Amino acid sequence: MTERQSFKITDQSGRLDKAIADFFPKYSRSQLQELIRQGNLTVNRQLVLPKYQVKTGDLIELQPPKIKQLSLKPEKIPLAIIYEDQDLLVVNKPQGMVVHPAPGHPDQTLVNALLYHCPLSTINGTYRPGIVHRIDKDTSGLLMVAKNDQAHQALAAQLKAKKNLREYTALVHGIIKEDHGTINAPIGRSLRDRKKQAVVANGRAAVTHFHVVRRFYQTQFTLIKCILETGRTHQIRVHLRYIGHPLAGDPLYGPAKTLKGHGQFLHAGRLGFEHPRTHREMIFNVPVPEVFQKTLERLDKQENIK
């Protein structure tokens, strides 16, 4: 169990759940509220409500709850395997599938399905075997998966050296005027909402290249291709919001009024890397999922209506 943490209020003021956010950056505000309600976080060793108004000298104590151990089990879940050999797999992850187990998603993940199918590398932690890179739950598309540690190390080194090709198809709000461009803006945890990432001055370097494929003037959407130079959490989603063209369907970074689907319209359609054993250059392509394609067809029809 994590050790108890404590500190005294000095110059903070206002609601307890807001005032202590900077002291516990690993927790979101809603998580802090739950810890307060459960009695894991106390003021002067007394139970209080999240709306408690803090005062100078208040003793804040946090006893983190016991961490529930996840059980990683193979599950017979269909996989869309694009390529496979003794060292690696390339899979087309469906939209809506979580990549690896985590609190709130203990099973039915891509890792559970992969473990049923074959052995995986072991160097990436207990709950992420084989996973060299990730895509969000509601992003579809290609992932490379390592079967052994040697392959994993080689593929991870390529990612670090920016030698991989990771191209995404994205549908965004608004008309992007430029035919192509580069978004070079550091990304870190949002200062306003700790559940989100954002462009922040002290964030980690993040670079996204894009070019326009199609503009839908009647409905004010733009279809683009994005190529990742770096791989920060939610990078494409954050960068596109930053330039004023958030992803269509994005529940976290997009507008409330958007296109209906099963999450953001973002698809990892092209993946390239050097094979860790043969050193052969490998490139894979998969089309956007059906809901994405039908949406594009509908926008195209509206574009032709005069």
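With respect to the conditions (1) of a type outside the set (Val, Ile, Thr); (2) crowded, with 21+ Cβ neighbours inside 10 Å; (3) at pLDDT 90 or above, Lys163 falls short on a single one, namely (2).
Have a look at Gln53, Gln46, Gln63 and point out the one that is of a type in the set (S, T, N, Q), closer than 27 Å to Arg29 by Cβ and either surrounded by 15 or more Cβ atoms within 10 Å (Cβ to Cβ) or touching a strand residue (DSSP E or B) at 6+ places or on another chain (Cβ under 6 Å) (or both).
Values: Gln53 fails: either surrounded by 15 or more Cβ atoms within 10 Å (Cβ to Cβ) or touching a strand residue (DSSP E or B) at 6+ places or on another chain (Cβ under 6 Å) (or both); Gln46 fails: either surrounded by 15 or more Cβ atoms within 10 Å (Cβ to Cβ) or touching a strand residue (DSSP E or B) at 6+ places or on another chain (Cβ under 6 Å) (or both).
It is Gln63.
The requirement of being aliphatic (A, V, I, L, M), in contact (Cβ under 8 Å) with a residue 60 or more places away in the chain and assigned by TED's automatic domain parsing to the domain that holds Asp58 is fulfilled nowhere in region 31-43; no residue meets it.
Step by step: first the residues of region 228-247, then only those that are of a type in the set (A, V, I, L, M, F, W, C) and under 16 Å from the mean Cα position of the chain (by Cα), then the one that is farthest from Tyr168 (Cα to Cα). Which residue is that?
At the first step, the residues of region 228-247 found to be of a type in the set (A, V, I, L, M, F, W, C) are 228, 236, 238, 240, 243, 247.
Still in the running and under 16 Å from the mean Cα position of the chain (by Cα): 228, 236, 238, 240, 247.
On the way: Leu228: 8, Ile236: 9, Val238: 14, Leu240: 13, Leu247: 12 Å.
Per the stated criteria, the residue is Val238.
Among the candidates Val99, Val111, which residue alone is closer than 20 Å to Ala268 by Cβ, under 19 Å from the mean Cα position of the chain (by Cα), at pLDDT below 95 and not in a loop (DSSP other than H, G, I, E, B)?
Val111
Among Asp22, Asp87, Asp17, which is the only one that is charged (D, E, K, R) and under 30 Å from Pro289 (Cβ atoms)?
Values: Asp22 fails: under 30 Å from Pro289 (Cβ atoms); Asp17 fails: under 30 Å from Pro289 (Cβ atoms).
That would be Asp87, the only listed residue that is charged (D, E, K, R) and under 30 Å from Pro289 (Cβ atoms).
Quick check on region 168-179. Is at least one of its residues in contact with a Leu (Cβ under 6 Å, 6 or more places away or on another chain), among the basic types (Lys, Arg) and under 26 Å from Gly261 (Cβ atoms)? No, the conditions are met nowhere in region 168-179.
Residue pairs whose Cβ atoms lie under 6 Å apart, sitting 6 or more positions apart in sequence or on different chains, and linking a residue in region 211-227 that is within 13 Å of Phe265 (Cβ to Cβ) and in the same structural domain as His180 (by TED's automatic domain parsing) to a partner that is in a strand (DSSP E or B) and small (Gly, Ala, Ser), are Ile224/Ala170; Cys226/Ala170. Taking the criterion of being of a type in the set (D, E, K, R), without any contact (Cβ under 8 Å) to a residue 40 or more places away in the chain and either farther than 16 Å from Gln235 by Cα or in the same structural domain as Glu229 (by TED's automatic domain parsing) (or both), the residues of region 120-159 that qualify are Arg128, Asp149.
The values are calculated or read from the model by the stated rules, or taken from the named source; none is laboratory data. Fair warning: this is a prediction, and the values are worked out from it, not measured in the lab. No Cβ is skipped: glycine too gets one built from the backbone with ideal geometry, and neighbour counts run over all protein chains shown.
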